[in-house]
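Single-structure report; data block below.
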Amino acid sequence: MDREQAKERIRELTRQINQHNYNYYVLSRPVIEDYDFDMLLEELITLEKQFPEYALPDSPTQRVGGDLTKEFRQIFHKYPMLSLGNTYSIEEVKDFESRIHKLLGESTEYVCELKFDGVAIGLTYQNGKLVQAVTRGDGLKGDDVYTNVKTIRSIPLQLTGNNIPEEFEIRGEIIMPIKSFEQLNRFREEEGEETFANPRNAAAGSIKLQNSSEVVKRHLDCYLYYIPTPGLPFETHYESLMAARSWGFKISSHMVRCRNIGEIFEFIDNIGTIRPDLPFNIDGVVIKVNSFRQQEELGYTAKSPRWAIAYKFKAERASTLLLSIDYQIGRTGTVTPVANLKPVPLAGTIVKRATLHNADIIASLDVRIGDSVFVEKGGEIIPKIVSVDLEKRPVDAKKVDFISKCPECGTPLIRREGEAAYYCPNESGCPPQIKGKLEHFISRRAMNIESLGEGKIEMLYDQGLVSNIADLYDLTYEQLFGLKKIFPEEKSKKEKTISFRKKTVENILKGIDASRNTPFERVLYAIGIRYVGETVAKKLAEHFSGIDALMAASKEELITVEEIGEKIAQSVVCYYSKPENREIIERLRNKGICFESKREEKIKVSNRLNEKIFVVSGVFEGYSRDEVRKMIEDHGGRNATSVSSKTSYVLAGENMGPEKKKKAESLGVPIISLDEFLAMIK
Ligand code: IVH
C-alpha cells in the first residue's frame, strides 16, 4: 500500500469505527459483529503504527488507554460547577413550582430529567474536538482526567453534525452500569481486593485510576445533561440537549417537557416505577426551567441555581425484627454473618435476609437478636441493616456472640491481622469449602466442565464419591450409572428421584476427560488458592515454567513477580506447604492435567543482565515503561514491581515514586538512570 492509499484507508477506517462505536455505545444498536469490528480496529492499529503521521486526532485507537498519570493536574472551571438544591419532599417540589411562577409572573415550561448517581464531569470541545475533561472537585477547580475520559466509548472525541459551536463546555455524569459494577466486584473479590460499596464509588475510583488502560476495563458510561456555555444559539435547555444529541452525545431518553406541576408529578411517579429496571443507578429526578431567558432572570444563590431542583428518592427503608443470625462459609472459608429477618416488603421485593458483613459491623451497630432493625436498599444491591430501633429493644434481646467455631465442621475460626473477616481454616475437611472448591474447579472460566454443575457436584459429594478435585478424575462409569438424587417434595409428600442414565454419565466423563487440555494458567486458577484469581494466575504462569518451579519459589521470589504482593505470595507459599495440597497436585498431574507453562521461550538479545532484578519507576524520555521493561528481559534481566533486598537495581526515570526511592536508599539498592542502564546493555 502506498502512502496516499494508507492515508485514505486510515481516514476511512477511523470514520467507520467511530460510527460503529457510536451505534454501540450511544445508541445501543450495533450493526456489526464484534469479530468484524475487532478486525477493522486491528487493521487501523497496524496502519497507524506504519504511518503514524496519518493517525487522526479522533482516532478510536486513542481509546485503548496509555501510560500512567502521576498526579492529576488541577484545572479551574470556566463556570463554577454548582450543586442543585435538593429535597425529599413532594411538597417542596410544589413550593418550588409556585415560587417560580410568582417570581416570573408568566407561564413556565420545565424539563424533567433523571438524576444520575455518578461522578460529575465537564467536557470542553474546541472545533468539535474533545480537548479537556475536568471533575467537579470543589466546584471551582477539579482534576484533569482527560486521559481517562478519552477511554469512555460513549463520549465522542470528535463531534459530527451541524452548527457545532467553535468552543463550548458540556456537563454530565460518568456512571458505572450495575452489571459492570457487579462484574467488577466479583472479580475484585476473587483477587482478594476490597470491593466497592456501590456503583458511584466504583465510578469515582475508576475515573481517578492512574493507568488509563485499566480504566477501559471498567466499562464506564456517560450521560450529558447541561451546557453551561452562554451565548449559544439556543433558546431553551431542551433544544440545546437535542442539538447535543445530534452531535453524538449520549442524552437520556428519559427527559420530558412539562407544563405544570401535575405533569412533573407524573414524571416523578413514572420514573419511580421504572427505576428498578434501569441498567444504572439514579437517586432522583431533576426539574429545570426550560427557557434560558427565564433561567437568567431567576439567577443563582451562592450555591445553586434558582431555576432547578433535585427531587431525591428516599432510600427505601423498612422496619422489621431480627430473628436470628446464620453464618455462611464461603469457598475459601470466609465466614459471613447473615441476618434472618421477619419478612418485610421493601422496594418491590420481600426481604427475609440481609448481610451483616462481619463481626466489626455487628459490634458497631450493637445489634441484638430480637431487636427491631431498619433495613435499607440504597445504592447497594443487597439490603443491609442500617440501624437499630433502640426504643423498641425488648428486655430479653440477646447480645450477639460471634461464633468461635465453624458451624459446618466445628473447627475453631481464625482471624488474620488487619482483616475484618473470620474464617475456617479447615480447607480440606469443611463441607461448604469442599463443595465450593469443586464448584469453582469445574466452573466455566476454570476447567470448564460443563457436564457437571452445582447440583451434580452436590450429589457426588453427598454420596461420598468425591471429596476433592483430584477425585473427579477417578470417577468411573459404574459408579455414576444409576446414581440417584432424592428431592423431598413437601406439598405432595412424595419423593422425586432423578437418576443418571447412560447419556448423562457419558457426558460427564467426556467433560472431565476434555478438561485435561486446559492450559496451566487456568489450572492454576482452578485449584483455588486463596487470592489467586484469573489475573494473578496468568502472571504466575507467565513467570514460572510450571508447577514445580512455582512450588519451589520462596515468598521473596514470588514478590518479584509483577502484581504479586505480600498477601498473595504468603497465600501461595502456605498452599504449597500443605502435604494434602501437594498430594492433590501430584494426583492431578498423574491424571494428565497440564502443569507446565506453554510460554514461548523468550528470545534474548544478550545475557548481560544475567538474572538481575530491576524495579522500574518514573517516566523516561523516549521510552515507555513497558519498553524499558522489555529491554531488561531481552538482555536476561527480570522485572519486579516492589523494592526488596533482592532488588539488584532501581531504574529511575523522572518523578520516580518517593516510597520506592526511600526503600531503595534504606536497603542500599543502587538507583540508576536510563543512561546508566543503556550503557549496561550496550
Ligand atoms: S444539572 C447548575 N442535571 O447532581 C446545575 N445535574 O447536586 C448543573 N446530577 O453536580 C447540574 N443528574 O453531578 C444536573 N440531570 C442532571 C443531573 C445532575 C445528576 C448531579 C450533578 C450535579 C449534582 C447536583
How do the pairs read when you match residues in segment 290-306 that are assigned to a helix (DSSP H, G or I) with residues anywhere that are within 13 Å of the ligand (Cβ to nearest atom) and among the small types (Gly, Ala, Ser), using Cβ under 9 Å and keeping only pairs 6 or more apart or on different chains?
-> 292/240; 295/308
Select from segment 282-306 the residues that are charged (D, E, K, R) and within 11 Å of the ligand (Cβ to nearest atom) and list them in ascending order.
-> 283, 288, 303, 306
Residue satisfying all of: in segment 27-72; modelled with pLDDT under 80 and buried (at least 16 other Cβ atoms within 10 Å of the Cβ); farthest from the chain's Cα centre (by Cα) among these | 62
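Residues are listed down the side, and each one gets a yes or a no for (1) in contact with a Gly (Cβ under 8 Å, 6 or more places away or on another chain); (2) surrounded by fewer than 20 Cβ atoms within 10 Å (Cβ to Cβ); (3) not polar (S, T, N, Q):
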| position | (1), (2), (3) |
| --- | --- |
| 105 | no, yes, yes |
| 111 | no, no, yes |
| 118 | no, no, yes |
| 123 | yes, no, yes |
| 141 | no, yes, yes |
| 188 | no, yes, yes |
Collect the residues in segment 539-556 that are part of a helix (DSSP H, G or I), out of contact with any Ser or Thr (no Cβ under 8 Å at 6 or more places or on another chain) and modelled with pLDDT of 90 or more, keeping them in residue-number order.
-> 540, 547, 548, 549, 550, 551, 552, 555
Among (1) surrounded by 18 or more Cβ atoms within 10 Å (Cβ to Cβ); (2) under 23 Å from residue 160 (Cβ atoms) - the single one residue 231 does not satisfy | (1)
Of these, 115, 78, which one is within 16 Å of the ligand (Cβ to nearest atom), within 31 Å of the chain's Cα centre (by Cα) and closer than 25 Å to residue 235 by Cβ?
-> 115
Single match in 173, 182, 214, 193 (criterion: charged (D, E, K, R), away from the ligand (no atom under 15 Å from the Cβ) and touching a Phe, Trp or Tyr at 6+ places or on another chain (Cβ under 9 Å)) | 193
If residue 266 passes every condition in (1) touching a Phe, Trp or Tyr at 6+ places or on another chain (Cβ under 8 Å); (2) of a type in the set (Asp, Glu); (3) farther than 26 Å from residue 382 by Cβ but one, which one does it miss?
-> (1)
Working carefully through the options 151, 147, find the one that is away from the ligand (no atom under 16 Å from the Cβ) and either without any contact (Cβ under 8 Å) to a residue 24 or more places away in the chain or part of a loop (DSSP other than H, G, I, E, B) (or both).
-> 151
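Let's see how each residue does on (1) farther than 30 Å from residue 670 by Cβ; (2) among the aromatic types (Phe, Trp, Tyr); (3) in contact with an Asp or Glu (Cβ under 9 Å, 6 or more places away or on another chain):
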site: 589; (1), (2), (3): yes, no, no
site: 607; (1), (2), (3): no, no, no
site: 612; (1), (2), (3): no, no, no
site: 619; (1), (2), (3): no, no, yes
Evaluate segment 82-92: report whether one residue or more is within 16 Å of the ligand (Cβ to nearest atom), at pLDDT below 95 and over 23 Å from residue 275 (Cα atoms).
-> yes
Filtered residues of segment 173-219 (kept if acidic (Asp, Glu) and assigned to a helix (DSSP H, G or I)) = 182, 189, 190, 214
Looking at (1) under 13 Å from residue 112 (Cβ atoms); (2) part of a loop (DSSP other than H, G, I, E, B); (3) more than 11 Å from the ligand (Cβ to nearest atom); (4) not basic (Lys, Arg), which is the only condition residue 252 fails?
-> (3)
Residue count, segment 220-243 (criterion: within 13 Å of the ligand (Cβ to nearest atom) and part of a helix (DSSP H, G or I)) = 4
Which of (1) in a loop (DSSP other than H, G, I, E, B); (2) under 25 Å from residue 331 (Cα atoms); (3) in contact with a strand residue (DSSP E or B) (Cβ under 9 Å, 6 or more places away or on another chain) is the odd one out, the single condition residue 433 does not satisfy?
-> (1)
Just wondering, is there one or more residues in segment 94-107 that are farther than 23 Å from residue 294 by Cβ, more than 16 Å from the ligand (Cβ to nearest atom) and either at pLDDT 85 or above or polar (S, T, N, Q) (or both)?
-> no
Would you point out the residue of segment 257-281, among those that are of a type in the set (Val, Ile, Thr) and surrounded by 16 or more Cβ atoms within 10 Å (Cβ to Cβ), that is nearest to the ligand (Cβ to nearest atom)?
-> 271
Name every residue in segment 535-559 that is surrounded by fewer than 17 Cβ atoms within 10 Å (Cβ to Cβ), in contact with a Lys or Arg (Cβ under 8 Å, 6 or more places away or on another chain) and not polar (S, T, N, Q), in order of residue number.
-> 542, 556
Considering only helices (runs of 4 or more DSSP H) fully contained in segment 579-682, which possess at least 3 residues that are closer than 24 Å to residue 210 by Cα?
-> 625-634, 658-667
Does segment 459-467 contain any residue that is closer than 30 Å to residue 322 by Cα and part of a loop (DSSP other than H, G, I, E, B)?
-> no
Out of 532, 561, which single residue is touching a strand residue (DSSP E or B) at 6+ places or on another chain (Cβ under 8 Å) and in a loop (DSSP other than H, G, I, E, B)?
-> 561
Taking into account only those residues within segment 293-319 that are surrounded by fewer than 17 Cβ atoms within 10 Å (Cβ to Cβ) and among the charged types (D, E, K, R), which is modelled with the lowest pLDDT?
-> 316
Only unsatisfied item for residue 405, checking (1) without any contact (Cβ under 8 Å) to a residue 40 or more places away in the chain; (2) within 24 Å of the chain's Cα centre (by Cα), is (2)
Single residue of 647, 641 found to be among the β-branched types (Val, Ile, Thr), under 36 Å from the mean Cα position of the chain (by Cα) and surrounded by fewer than 17 Cβ atoms within 10 Å (Cβ to Cβ) | 641
Just checking, which of 400, 375, 386, 395 is under 30 Å from residue 313 (Cβ atoms) and over 25 Å from the mean Cα position of the chain (by Cα)?
-> 375
Members of segment 324-344 found to be exposed (fewer than 15 other Cβ atoms within 10 Å of the Cβ) and either within 30 Å of residue 413 (Cα to Cα) or of a type in the set (Gly, Ala, Ser) (or both), listed by number | 324, 326, 328, 342
Go through 161, 128, 139 for me and flag whichever is on the phi > 0 side of the Ramachandran plot, within 16 Å of the ligand (Cβ to nearest atom) and of a type in the set (Gly, Ala, Ser).
-> 139
Could you tell me whether residue 441 is hydrophobic (A, V, I, L, M, F, W, C), in contact with a helix residue (DSSP H, G or I) (Cβ under 9 Å, 6 or more places away or on another chain), surrounded by 13 or more Cβ atoms within 10 Å (Cβ to Cβ) and under 30 Å from residue 479 (Cβ atoms)?
-> yes
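The values are calculated or read from the model by the stated rules, or taken from the named source; none is laboratory data. The structure displayed is predicted, hence computed values, not measured ones. Positions of Cβ are generated from backbone atoms using ideal geometry, with glycine treated the same way; all protein chains shown enter the neighbour counts.
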